[in-house]
Every structure is written in structure tokens, then in C-alpha cells.
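The values are calculated or read from the model by the stated rules, or taken from the named source; none is laboratory data. Predicted model, so just to flag it, every value in this text is computed and none were measured. Virtual Cβ from ideal backbone geometry, glycine too; neighbours counted across all protein chains shown. Ligands, DNA and RNA are stripped out before the accessible areas are found, and what is left, the full protein with its side chains, is counted by its heavy atoms. Shrake-Rupley method; radii C 1.70, N 1.55, O 1.52, S 1.80 Å.
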Amino acid sequence: MDNKAMATSALSLLTWEQVSRLNDVLTEVVPVHGRGNFPTLEVRLKDIVARVRSRLELRGIHVKDVRLNGSTASHALVQDIGWSYKDLDVIFRVDLPCEAEFQLIKDVVLGTLLDFLPEGVNKEKITPMTLKEAYVQKLVKVHTDQDRWSLISLSNNNGRNVELKFVDTIRRQFEFSVDSFQIVLDSVLAHYDLSEAPMSYALHPTVVGESMYGDFAVALNHLENKLIATKRPEEIRGGGLLKYCNLLVRDFRATSEEEFKGLERYMCSRFFIDFPDINEQQRKVEAYLQSHFVGEEKRKYDYLMTLQRVVNESTVCLMGHERRQTLHLISLMAFRVLAEQNAIPDASSVTCYYQPAPYVRDHNFSNYYVANQNIPTWLPCN
């Protein structure tokens, strides 16, 4: 495919500046932190990806290609978009017809971790189970009629986990256009194998990017101009609600305010379908805060207030008491965030009461009253 054809499709060639940022990501040393007394592993993404791919091929699993995905791919395409990339998300496209392939992939990844242990460590006594307990943050396997994939996430205490995803089929690979990019890494990995010289404008591989949203140029324009666009949010687990509020708090804006008023209702409906229990909702939001706001503690309150506003204005699928219960939960989480930042007194004995009332969109008194023993405090609402 020539450049002109690529420009009107989901595919595009990366510029040298984009390839250079990609190279920085792939060659940066990322610590994989061990639990307990296990040492920290110093991993370069290019090394672990190349070794896993090579060993999968030797064990009979053909890797169609390897791709950088998500916020890290977005960072390589546009340097300053209002957030730093978090997880290093890599996709290996493979065939996963049965359970044996899932097990083999897990064995290969865990075995590869042995390569990164510091010198002097006795590797002979370290079992795959021990490595999993020491270094794996999350292990997921999905094998249904429509979705066949697995994920092995390696721990990083700063929220930058190395996420290795092995995908046969998956129905939905993006939430919004700005996180729909995948960068094919095969040519870059081949360059590392063939040349010891550092990359330069005169000597760098041709790299192809793809937007799973559709038109690459349109999606890139959304990324450059901080615009929010999506398709069929009801197909996204959780409706994309948490990511949508994250984009809003980082000054992204909807491509169409009128259209997104309707889409917000779909997002909220799908979120409460997938997480109907209040405890599930709390765990989901807390996990999102923990993984997406590392080093950005002061943004958490704004994020929760944004989430509260969207839920309050766009939730039509809940009974009144369920809706109030969720709004109460978000309000209490926001109050605790302020307490953690020493913005208010200790919140260990706080009760947060929800008073049904029209939503207040300025910083006057809101419909959330917080009582802390002898210190009454009104919680402001954005």
C-alpha cells in the first residue's frame, strides 16, 4: 500500500519524530518490582518482547505480529496530550484454539523472566509458580466463542506495568478514538536485531500504525486536538464511563456535545449493567484511581466530581435509591481523597449524608453534607 492510500485508511506510516519517541519507549529501562525479598528486574520492552516472541515460535506458536497498544502508542504519535502513558501494553497476535496454547504462553513468559534476574541469583530453584507470585500483577484468560485472549501483567510500583496480551480474537479493542492506536513493532524489532547503530533520521525502519477506530487521520486529529469520539459505547465493558471522565478532567472535549449527551446515558447504563453491586462499583472506581492517577493525587478529587456529575445527569437505568447510593459512594470517596491530601481534617469517623436535591454545578453549597464530629463541612461540587 502506498502512502496516499494509507492516508485515507486505518493505516499510516509513522514520521521520524514518532519513530524516535517509539524507540525511547522500547529502550527505556522499566523496573518490574518483586514482592517480598524478590529483587527488582530491570527490563527493556524491546528485549522482553523479542525473547517472548522468539520462544513462542520455537514452541510452535506462530506470532502474526507484535503491536504497541493504548496510551503508550498514543504517546509515540503525539508527545504532549495532557497525560503521561501508564501501562506498557503490547499485543502478540496469535492463534489460541485450545487450553494448551494458553498454558504454553504463560510458561514462556514466566520462563523469560529468569533472563532478567540479577547475577548471582540461583535460578535452578525458582519455579514458574514462584515467579508468578513474585512478579505478576494480573493474570487473565478469556476463552469464549467471540473472545480468545490472555493477559499477563508484570508489576511496577509506579503504575507502569508491563502488560503482555496474547490475542486471537477480541470484539472490542478500544474505548475512544484517542486510545484506538496500535503500532506494529516487527520492523523495529528487526532493526534492533540487524543493526547496533542507534536510530537516526538517516537510519530508521519504516513503521506502520493502525487506528482500530477507523480512519487514522481522523483519530490522530482527535488526539492532537484533545477531542472525544467513540462508537457504540454499549459494547464496551463498563461503557467507557471511567475513561470518559478521565478524558474530561484532562480538558478533552466531546466532538459533539449534543451527541454525547445521548452517549453518556449509554455509558452509564452499561456501567451499571456490568457493575450492579455497590461494592463492585467501589472496587472498580478505586482500582481505576490507583492505576491511572499515579503521581497525580490532586487530580483524583476533580476526577471523582466529574464522575459524579456525569452519573447524576445521565443515569436513567437505576431506581432512585440505587442512584442516590452510587452518588453517595462517589461523594464519600472524594471526601476521603481530600482527607488523604490533608485538605480537610481526618476522615476516619466521617459520615456523608446524601440530601436529594437539584444538582449544583458551581461551588456554592452542594447536596452533600459531611459531618465530622464537631466540624461540619460542606463538600463542594464542580
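Each row is one residue, and each column tells you yes or no for (1) more than 16 Å from the chain's Cα centre (by Cα); (2) farther than 19 Å from His75 by Cα.
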position	(1), (2)
Val162	no, no
Ser177	no, no
Phe181	no, no
Val184	yes, no
Val188	yes, no
Tyr192	yes, yes
Met199	yes, no
Pro205	yes, no
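Taking the residues in region 189-230 that are out of contact with any Phe, Trp or Tyr (no Cβ under 7 Å at 6 or more places or on another chain), closer than 19 Å to Thr255 by Cα and in a loop (DSSP other than H, G, I, E, B) as candidates, determine which candidate is least open to solvent (accessible area, probe 1.4 Å). The extreme case among them is Gly214.
Contact map, region 239-261: residues that are free of Cβ contacts under 8 Å to residues at least 40 places away in the same chain paired with residues that are assigned to a loop (DSSP other than H, G, I, E, B), Cβ distance under 7 Å, separation 6+ or inter-chain. Pairs shown: Arg253/Lys226; Thr255/Ala229.
Within region 140-175, being open to solvent by 20 Å² or more (accessible area, probe 1.4 Å), among the hydrophobic types (A, V, I, L, M, F, W, C) and in a strand (DSSP E or B) holds for Val140, Val142, Trp149.
This table checks each residue for (1) in a loop (DSSP other than H, G, I, E, B); (2) modelled with pLDDT of 85 or more; (3) surrounded by 18 or more Cβ atoms within 10 Å (Cβ to Cβ); (4) under 21 Å from the mean Cα position of the chain (by Cα).
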{"residue": "Leu307", "(1), (2), (3), (4)": "no, yes, yes, yes"}
{"residue": "Arg324", "(1), (2), (3), (4)": "no, yes, no, no"}
{"residue": "Leu327", "(1), (2), (3), (4)": "no, yes, yes, no"}
{"residue": "Ser331", "(1), (2), (3), (4)": "no, yes, yes, no"}
{"residue": "Ala334", "(1), (2), (3), (4)": "no, yes, yes, no"}
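For region 284-298, a residue qualifies if it is open to solvent by 40 Å² or more (accessible area, probe 1.4 Å) and closer than 17 Å to Ser331 by Cβ, and the qualifying residues are Lys284, Glu286. As a summary of the residue check, Leu68 satisfies the conditions (1) under 21 Å from Glu175 (Cβ atoms); (2) modelled with pLDDT of 95 or more; (3) open to solvent by 10 Å² or more (accessible area, probe 1.4 Å); (4) not hydroxyl-bearing (Ser, Thr, Tyr) except for the one numbered (3).
Taking region 49-78 as the range and being within 17 Å of the chain's Cα centre (by Cα) and either assigned to a helix (DSSP H, G or I) or more than 18 Å from Glu210 (Cα to Cα) (or both) as the test, the residues that pass are Gly70, Ser71, Thr72, Ala73, Ser74, His75, Ala76, Leu77.
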